Amino acid sequence: MRVCLVEKDDLAQHTSSASTKLVHGGLRYLEQREFRLVRESLIERERLLAIAPHIIWPLRFVLPHDIGMRPRWLLRLGLFLYDHIGGRKLLPPTRTVDLRTPPHDDVLERRLTEGFEYSDCWVEDARLVVLNCMDAQERGAHIRTRTECTGLERGDAFWRATLCGADGEEQITARQVVNAAGPWVDSVLGRALPQESHTNLRLVKGSHLIFPRLFAGDHAYIFQNGDGRIVFAIPYEREFTLVGTTDVLFTGDPSKIDISGEEARYICAAVNEYLEKDVDPEQAIASYAGVRPLYENNAASNSTVTRDYVFELDRAGPALLSIFGGKITTYRKLAEHALAKLGAPGSEWTADRPLPGGDVDARGFEAFLDRQHAANPWLPGPMLRRLARAYGTRMVDVLGGAEAINDLGEHIGGDLYEAELRYLVRCEFARCAEDVLKRRSKLYLHLNEEEQARVARWFDAAVALQS
């Protein structure tokens, strides 16, 4: 098959970079009896960990038991199911935790004495999107960022798509169209089938706050809120704690979205029920928000709308497949099902093929890191770990044969050098400072304003040179 992907902005610029950044089964979905979704997600969790161990890694979650919330027996039952229905092999099982002992005793309120610790995984969400697009391009796909599909006209045998990019408009033809536009999937349907009404989505906003590190340790916390929802507190970028999320009905423009004051207060109030030291929105050093394009199943609340994916296949002429809902954890399985719907040739093969950079040491990421230390003793330890985590085995392409730190070109700031920027432009579709600082890395949290401005000036100079 010949494939062209068009993305109107940068890869993962909207929903896919605004997640809680977890590869997980969704413990609370068990309450909603979404057993198939949870099982599929848990199976995928270990598959994704195996094919991208540089950007996905295990994380232990501590769930304190609090009087008046879900009863202890229900939590035990849910965690037993969580451990077993997905065929867990790589991750450690659930265990009971005494919260009166370190590292929890100085973090949580005194009334909290017992909890449960279970496994899930963390993911660099925007990098996951980029790596899939790199993999597709290396297999022959055309990846067109900052190119919007502004029109779709159906003919007898082909779709004629109007694409609008930096160089103006052009038209291409396609035998089939996959509408995977997230929050804009109904809008794309409206362009393709203007004679029909399209209201398949419920847009639900999720917002997060980023605080200076709130607790030590590599574990995360999952807190039960009084409204039945849950809030996570997760170690983030070494120096910070990521806290969220919310479930708020959204009706505006999905490209213009930010956390509201009410959401920020909600998040803080939720974690303050559990943390010994309270936090408030003014202490947050950053925030982000996005919308979940959920399939409208008429659920009573935003938090119970299904996170499963739904397909709509229109074959009244050349095929049009629209995808509603879904979650990061099941993206690979969703893609397999989508191709099956379209009757695509070939067999399923992605379950055990590493994503770019994912072919690290069979003994695990730490063994790979040790090998990189031996091969590049001139690299500072924290910088080497960041590069290994971001690029895996592709870090050799980032370094480009360098044998000393001065071989990496201009020092931009922190541990960012020009060689990395050149790689991101050449191989990862980066076109501006924000692409690098907020999506392909989170360096905006580590570089000061002047250093971030240097990244912008570097891109300005690169654009001027090309023109």
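Brief remarks on what is shown
- You can think of it this way: the chain between K277 and S197 has 23.7 nm of extra reach, that is 0.36 nm per residue less the Cα-Cα gap.
- Every Cα-Cα pair of region 376-415 was included, and the share exceeding 12 Å stands at 60 percent.
- Hz values of 3J(HN,Hα) by residue in region 412-422 - Karplus curve (6.51, -1.76, 1.60), Gly and Pro given as x: 7, x, x, 10, 9, 10, 4, 4, 5, 5, 4
- Share, in percent, of DSSP beta bridges within the chain that are antiparallel, nearest 5: 90
- Debye-formula intensities of region 359-435, expressed as log10 I(q)/I(0) at q = 0.18, 0.26 Å⁻¹, are -0.73, -1.36 (one equal scatterer per alpha-carbon, no solvent).
- Charge dipole of region 186-231 (Cα centre as origin; +1 on each Lys and Arg Cβ, -1 on each Asp and Glu Cβ, all else neutral): 100 debye, rounded to the nearest 20.
- Backbone HN-Hα couplings from phi across region 155-170 [Karplus 6.51/-1.76/1.60, Hz, Gly and Pro as x]: x, 5, 10, 9, 8, 10, 9, 9, 10, 10, x, 4, 9, x, 8, 8
- Those GluC sites (Glu not before Pro) in region 397-448 that DSSP places in a loop and that have at most 13 other beta carbons within 10 Å: E403, E410
- Anchor K256: lysines whose Cα lies under 24 Å away (excluding residues fewer than 8 positions away in-chain): K8, K21, K205, K327, K438, K442
- Potential extension, E138-A462 segment - 0.36 nm per residue separation minus Cα distance: 114.2 nm
- Stokes-Einstein D (µm²/s) once Rh is taken as the Kirkwood radius of region 306-406 over alpha-carbon pairs, at 4 °C in 1.567 mPa s: 76
- What you get for the chain, charging only the Cβ of Lys and Arg (+1) and of Asp and Glu (-1), is a dipole of about 1260 debye around the Cα centre.
- Other-chain or far-sequence residues with amide H under 5 Å of L22's (modelled H): V123
- Set the Cα radius of gyration of region 321-467 against 2.2 N^0.38 Å, with N its number of residues, and you get 1.26.
- Only Cα sites of region 80-140 enter the Debye sum here, all with the same form factor; the resulting log10 I(q)/I(0) across q = 0.24, 0.29 1/Å is -0.95, -1.07, listed in q order.
- The calculated FRET efficiency for the pair D397 and R315, based on their C-beta separation and a Förster distance of 30 Å, comes to about 0.10.
- Fraction of alpha-carbon pairs over 17 Å apart in region 410-467 - percent: 26
- Computed accessible area, I67, all protein chains, 1.4 angstrom probe, square angstrom: 150
- When the charge dipole of the chain is built from unit charges on Cβ atoms (+1 for Lys and Arg, -1 for Asp and Glu) and taken about the Cα centre, the candidate among G217, A141, V436 whose Cα reaches farthest toward its positive end is A141.
- Taken along the Cα-to-beta-carbon direction at a fixed 7 Å, the label points for C432 and E410 span 1.9 nm.
- Per-residue SASA entry for W378, accessible area with 1.4 Å probe, Å² rounded to 10: 60
- Length gained when the stretch A216-T350 is fully extended (0.36 nm per residue, less Cα-Cα span): 44.6 nm
- Once the C-beta distance of D106 and R76 is scaled by a Förster radius of 22 Å, the resulting FRET efficiency is 0.25 to the nearest 0.05.
- Considering helices alone, the calculated mean residue ellipticity of the chain at 222 nm is -8500 deg cm²/dmol, with DSSP H runs of length four and up weighted by -39500 (n - 2.57) and normalised per residue.
- Region 1-121: radius of gyration and largest Cα-Cα distance (Dmax), Å: 17.6, 60
- Rg(Cα)/(2.2 N^0.38 Å) for the chain, N = residue count: 1.00
- R0 of 35 Å, Cβ-Cβ distance C164-E450: FRET efficiency to nearest 0.05: 0.50
The values are calculated or read from the model by the stated rules, or taken from the named source; none is laboratory data. Quick caveat: nothing in here was measured; it's all calculated off a predicted structure. FYI the Cβ positions are ideal-geometry reconstructions off the backbone, even for glycines, and counts take in every protein chain you see. The protein model used for the area step is the full one, side chains on, heavy atoms only, and it has no ligands, DNA or RNA in it. Shrake-Rupley method; radii C 1.70, N 1.55, O 1.52, S 1.80 Å.
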